[in-house]
Amino acid sequence: MTLRRLLQKLPFFSWILACLHFWVMLRAHSHACPVVWISPSGGGVGSAADLRALAIGKTLGRLGWCCVTLHPRLGQQARRILLRLFKPDVVLLQQTRHPLNRPEIYFPVPCVLDVDDADIINPSETSRIGDVAARCYGVVAGSRHLAGLFRAFNPAVRVIWTGTYIHSVASARPNAARGRILAWAPSDPFGYPVELALMQTLVARLSTSAEVEFRVYGVSPARHDDMHKLWEGRLSYVRLRLMPPMPYKEFVDSLAEVAVGLQPVCEDHEYSLGKSFGKALAYLAADVAVVASNNIDHPLFFEDGVNGRLLLNEPTVWAQACDQLLSRSQERQGLVLQARKDFLARLTTDKSAQLMSDLLHRARLGQAWPRGLAKSKDYSE
């Protein structure tokens, strides 16, 4: 189809969006720097789209890239028109949930697919997502587990952990001033039943020597009764506090008084295995001592007894570790201080963007990506 016919078929709203993108691209392409288009799947602040697309794009701009983030509502025809007018060097597709995150739309520009979800294990989605991955120059995965799933469709797969741009919480208390507060912060506790069962048994096995507040995040008020029913008979010495879904910064700030943050990942629940560091980023930013499962990529960052606790998924072991940390603020503070150093060196947006920049350069130049699984000191290798 000719450019003129494409322009004639463009709806009015798409005209407005296309014009806005036109001026952004005109400025971006006027500079002598490589141009990357970033197509997020959509999502609010603190979502994967925010942390792995929008924030990455802003940081890439400081690394010598000219970045253009495509609005999720920019239609296919408008994207094709802009592609003809402004051919970027590479396109970064964040997830496959957006219907226009398909490499054939941007052909012949090389596309890089970024994934941090386990949607590909859904039988109804495997073929579609696998086809997208196969057509891309390479795939960036949020964890080694996801890398393994996608390597069946594309041999060029690299691991880049999700980083965050929130590095600290102004109201964070020293550990000596924090109460006996445990937190489990899934995006949806009802969506992770195996992890929920582990948390239920852990809480039932905590010491009865002192009261503990146990926070469960991601519970809307409409589902409070459903969650309370799941904890009946398990809370003799534990006060359950349900925390609603909240904006990202507000969520991180709410952890300022938490003593111990729980990061369980269960091997017999594949969607759980699809996680990377997720809410652990918020724990680290808020100086919360982390207790994590000894699986997925956790052992590549956490060292047991040094910057956190790294445990097998045995409820009694978790309960003993929590009891110990809740009663020893100096031990928690030692873990937190080392975890902060490691967090700032390895789990920030700046670090993720540096690693992404190298892969994008290789894609635009037609160079092969390094291969191999993550190593304990350099997970990108």
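Go through region 173-219 and count every residue that is hydroxyl-bearing (Ser, Thr, Tyr) and loosely packed, with under 13 Cβ neighbours inside 10 Å. Within region 173-219, residues that are hydroxyl-bearing (Ser, Thr, Tyr) and loosely packed, with under 13 Cβ neighbours inside 10 Å number 2.
Return the pair list, or none, for Cβ contacts closer than 7 Å from residues in region 59-73 that are among the polar types (S, T, N, Q) to residues that are modelled with pLDDT of 90 or more and assigned to a strand (DSSP E or B), at least 6 apart or on different chains. Note: pairs meeting the criteria are 69/38. Could you say which residue among 306, 288 is surrounded by 24 or more Cβ atoms within 10 Å (Cβ to Cβ) and either at pLDDT 95 or above or of a type in the set (D, E, K, R) (or both)? Sole residue among the options that is surrounded by 24 or more Cβ atoms within 10 Å (Cβ to Cβ) and either at pLDDT 95 or above or of a type in the set (D, E, K, R) (or both): 288. Taking the conditions (1) out of contact with any helix residue (DSSP H, G or I) (no Cβ under 8 Å at 6 or more places or on another chain); (2) at pLDDT 95 or above; (3) surrounded by 22 or more Cβ atoms within 10 Å (Cβ to Cβ); (4) not acidic (Asp, Glu) in turn, residue 279 satisfies each one other than (2).
Residues that are touching a Ser or Thr at 6+ places or on another chain (Cβ under 9 Å) and of a type in the set (Phe, Trp, Tyr) were ranked within region 211-239; the one that is modelled with the lowest pLDDT is 237. Within region 262-272, if we keep just the residues that are at pLDDT 75 or above and under 15 Å from the mean Cα position of the chain (by Cα), the residue that is surrounded by the most Cβ atoms within 10 Å (Cβ to Cβ) turns out to be 265.
Candidates are the residues of region 330-342 that are buried (at least 18 other Cβ atoms within 10 Å of the Cβ) and in contact (Cβ under 8 Å) with a residue 60 or more places away in the chain; the one that is nearest to residue 138 (Cα to Cα) is 336. For residues that are in contact with an Asp or Glu (Cβ under 9 Å, 6 or more places away or on another chain) and of a type in the set (A, V, I, L, M), scanning just region 150-165, find the one that is farthest from residue 49 (Cα to Cα). Out of the qualifying residues, it is 159.
For region 325-368, filtering for residues that are charged (D, E, K, R) and touching a strand residue (DSSP E or B) at 6+ places or on another chain (Cβ under 7 Å) leaves 2. When restricted to residues that are β-branched (Val, Ile, Thr) and over 23 Å from residue 198 (Cβ atoms), region 296-346 contains 2. The single residue among 272, 276, 293 that is without any contact (Cβ under 8 Å) to a residue 40 or more places away in the chain, among the hydroxyl-bearing types (Ser, Thr, Tyr) and closer than 21 Å to residue 193 by Cβ turns out to be 293.
Quick check: anything in region 156-172 in contact with a Leu (Cβ under 8 Å, 6 or more places away or on another chain), aromatic (Phe, Trp, Tyr) and buried (at least 22 other Cβ atoms within 10 Å of the Cβ)? Checking region 156-172: at least one residue is in contact with a Leu (Cβ under 8 Å, 6 or more places away or on another chain), aromatic (Phe, Trp, Tyr) and buried (at least 22 other Cβ atoms within 10 Å of the Cβ). Taking the numbered list (1) in contact with a Leu (Cβ under 9 Å, 6 or more places away or on another chain); (2) farther than 24 Å from residue 326 by Cβ; (3) without any contact (Cβ under 8 Å) to a residue 40 or more places away in the chain; (4) surrounded by 15 or more Cβ atoms within 10 Å (Cβ to Cβ) in turn, residue 137 passes all entries but (3). Assessment of region 90-103 against the conditions (among the hydroxyl-bearing types (Ser, Thr, Tyr), surrounded by fewer than 17 Cβ atoms within 10 Å (Cβ to Cβ) and modelled with pLDDT of 90 or more) yields no matching residue. Looking at the structure I just gave you, is residue 242 touching a strand residue (DSSP E or B) at 6+ places or on another chain (Cβ under 6 Å) and modelled with pLDDT of 95 or more? When the stated conditions are applied, residue 242 passes them.
Residue-by-condition table, conditions (1) at pLDDT 90 or above; (2) touching a strand residue (DSSP E or B) at 6+ places or on another chain (Cβ under 6 Å); (3) in a helix (DSSP H, G or I); (4) over 26 Å from residue 283 (Cα atoms):
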site	(1), (2), (3), (4)
36	yes, yes, no, yes
46	no, no, no, no
50	no, no, yes, no
56	yes, no, yes, no
68	no, yes, no, yes
74	no, no, no, yes
77	no, no, yes, yes
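Is it the case that residue 319 is under 22 Å from the mean Cα position of the chain (by Cα) and on the phi < 0 side of the Ramachandran plot? When the stated conditions are applied, residue 319 does not pass them.
The values are calculated or read from the model by the stated rules, or taken from the named source; none is laboratory data. These numbers were taken from a predicted model, which means no experiment stands behind them. All Cβ positions, even for glycine, are placed from backbone atoms using ideal geometry, and neighbour counts span all protein chains on display.
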